[in-house]
1. From the set of residues in the stretch 34-68 that are among the β-branched types (Val, Ile, Thr), part of a strand (DSSP E or B) and touching an Asp or Glu at 6+ places or on another chain (Cβ under 7 Å), which is surrounded by the fewest Cβ atoms within 10 Å (Cβ to Cβ)?
2. Residue by residue through the stretch 26-58, note down the ones that are among the small types (Gly, Ala, Ser) and out of contact with any helix residue (DSSP H, G or I) (no Cβ under 6 Å at 6 or more places or on another chain).
3. Quick one: in the stretch 69-91, of everything that is in contact (Cβ under 8 Å) with a residue 60 or more places away in the chain and assigned to a strand (DSSP E or B), which residue is farthest from TYR31 (Cα to Cα)?
4. Give the number of residues within the stretch 11-46 that are farther than 25 Å from GLY93 by Cβ and within 12 Å of the chain's Cα centre (by Cα).
5. When the residues of the stretch 1-16 are filtered to those that are touching a residue at least 60 places away in the same chain (Cβ under 8 Å) and not in a strand (DSSP E or B), which remaining residue is farthest from GLU81 (Cα to Cα)?
6. Which is exposed (fewer than 15 other Cβ atoms within 10 Å of the Cβ) and polar (S, T, N, Q), of SER84, SER94?
7. Within the stretch 100-118, count every residue that is hydroxyl-bearing (Ser, Thr, Tyr) and assigned to a strand (DSSP E or B).
8. Can you confirm whether GLY97 is assigned to a strand (DSSP E or B), in contact (Cβ under 8 Å) with a residue 40 or more places away in the chain and touching a Leu at 6+ places or on another chain (Cβ under 7 Å)?
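Rule-based calculations on the coordinates, nothing more; no lab input. Here the structure is a predicted model, which means the values were calculated and not measured. Methodologically, a virtual Cβ is constructed for each residue, glycine included, from the backbone with ideal geometry; neighbour enumeration extends over all protein chains shown.
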Amino acid sequence: MAAQYQFSVNVSTAYLAEQSSEEDARYAFSYTITITNTGDVAGQLISRHWIITDADGYTDEVKGLGVVGAQPLLQPEESYEYTSGTVLSTAAGSMRGTYHIVAEDGTQFEATIPPFTLAAPRVLH
């Protein structure tokens, strides 16, 4: 049977009112990511690629090694959770991206971070 290389990504978000300022067009958000190895081969998260879009359509791309200073190695069915944040100039926006994973057998693949919405309270109906 062929090896399965698969990671799933779940996201929860929060608006950070105490770090935001509507007058300064500064809207801060946190997001908590849970990455789970749903395949049958261990894999290490090497890097991330984010596409962050605000409500005006402005897009920012962020690429870098690891997540919050870590490059976790996940065994099958193992999860890793971390919290990070971003600041938008609009009260709503979205994020999506990929994680670059290297499996223990050397196979490289991308784990998709599905699009998720960032929105200050009472912005989206």
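1. The residue in question is THR34.
2. Once the filter is applied, which keeps residues that are among the small types (Gly, Ala, Ser) and out of contact with any helix residue (DSSP H, G or I) (no Cβ under 6 Å at 6 or more places or on another chain), the stretch 26-58 yields SER30, GLY39, ALA42, GLY43, SER47, ALA55, GLY57.
3. Of the residues in the stretch 69-91, the ones in contact (Cβ under 8 Å) with a residue 60 or more places away in the chain are 74, 85, 87-91.
Still in the running and assigned to a strand (DSSP E or B): 74, 85, 87-88.
Values: LEU74: 20, GLY85: 6, VAL87: 11, LEU88: 13 Å.
This residue is LEU74.
4. Narrowing the stretch 11-46 to residues farther than 25 Å from GLY93 by Cβ: 36-44, 46.
From what is left, the residues that are within 12 Å of the chain's Cα centre (by Cα) are none.
Residues in the stretch 11-46 being farther than 25 Å from GLY93 by Cβ and within 12 Å of the chain's Cα centre (by Cα): 0 in total.
5. Here the answer is ALA3.
6. Details: SER94 fails: exposed (fewer than 15 other Cβ atoms within 10 Å of the Cβ).
Just a single option satisfies the conditions, and that option is SER84.
7. Residues of the stretch 100-118 hydroxyl-bearing (Ser, Thr, Tyr): 107, 112, 117.
Pick out the ones that are also assigned to a strand (DSSP E or B) and you get 112, 117.
Here the count works out to 2.
8. no
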